[in-house]
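Working notes for the structure below.
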Amino acid sequence: MALPIRLLQLVAFLDLLAVGLIVPLIPNHVRQMGGNHIYIGLLGSIYAGSQFGSGPFIGSLSDLKGRKFILITTLLLCSIAYMVLSITHSIATILIIRAVLGLFKQTQLLTKALVPDYEKDERKQSNIYGKMAAISGVGITIGPVIGGHIVEDFPSQGFNFIAWIVGMCFIINAGIVYLLPKTILLRKQQQGTKNHLKIL
């Protein structure tokens, strides 16, 4: 399997690992800050509504500006949001952060959209999507366990520490995506190989 595909799978894994680390902890954190069940319900509704509305927009924007560029941009915006989450003590700010994350956290969508740029065989693409889903599933499975242990060991600052870790995961993912070869250069290399084979 080509290196770009492995990098995309790593990005998908880290993305859902990060989500698994922090999302289960947010309701309890809001309760500790004095929030009630209405706020907790709003956290989920705001995120889901933002995701629903932003998916087609981010997809279209990635077609116009380039999937790699948009993925890096959204990852960096999400990292900033989680860094702010690690230091805020305002429920209103947390609600705004959840809306921002809902708008821009489209990592799974964009990583899947990048696969055809590096693998043209449709049968292989199906296999890649299946493996990517399985790898992502591992991330979302072990994330809550790790996050729970950290908060249990550090009850006062555990949530803030995890939010910071999650922010760093998104920065790492942005770096990984940056390492992906440019698709224009890749197409030229593939075309050159085809021309060479024709000559032979």
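Just to confirm my filter: which helices (runs of 4 or more DSSP H) fall fully inside region 1-68 and include at least 3 residues that are touching a Gly at 6+ places or on another chain (Cβ under 8 Å), modelled with pLDDT of 90 or more and of a type outside the set (Phe, Trp, Tyr)? Answer list for region 1-68: 3-22, 37-65.
Evaluate region 134-146: report whether one residue or more is under 26 Å from Gly34 (Cβ atoms), in contact with a Leu (Cβ under 7 Å, 6 or more places away or on another chain) and part of a helix (DSSP H, G or I). Checked region 134-146: no residue is under 26 Å from Gly34 (Cβ atoms), in contact with a Leu (Cβ under 7 Å, 6 or more places away or on another chain) and part of a helix (DSSP H, G or I). Please determine whether any residue of region 99-111 is charged (D, E, K, R), surrounded by 15 or more Cβ atoms within 10 Å (Cβ to Cβ) and touching a Ser or Thr at 6+ places or on another chain (Cβ under 8 Å). Scanning region 99-111, I find at least one residue that is charged (D, E, K, R), surrounded by 15 or more Cβ atoms within 10 Å (Cβ to Cβ) and touching a Ser or Thr at 6+ places or on another chain (Cβ under 8 Å), so the answer is yes. When each of Leu21, Leu10, Leu25 is tested for being crowded, with 20+ Cβ neighbours inside 10 Å and touching a residue at least 12 places away in the same chain (Cβ under 8 Å), the lone residue that passes is Leu21. Note on region 55-111: among residues that are among the hydroxyl-bearing types (Ser, Thr, Tyr) and closer than 28 Å to Arg31 by Cα, the one that is farthest from the chain's Cα centre (by Cα) is Ser90.
Among residues of region 113-132 being touching a residue at least 40 places away in the same chain (Cβ under 8 Å) and in a helix (DSSP H, G or I), the one that is nearest to Gln9 (Cα to Cα) is Met132.
The values are calculated or read from the model by the stated rules, or taken from the named source; none is laboratory data. Keep in mind that what you see is a predicted model, and the values were worked out from it rather than measured. Cβ sites come from the backbone with ideal geometry, for glycine too, and all protein chains shown count toward neighbours.
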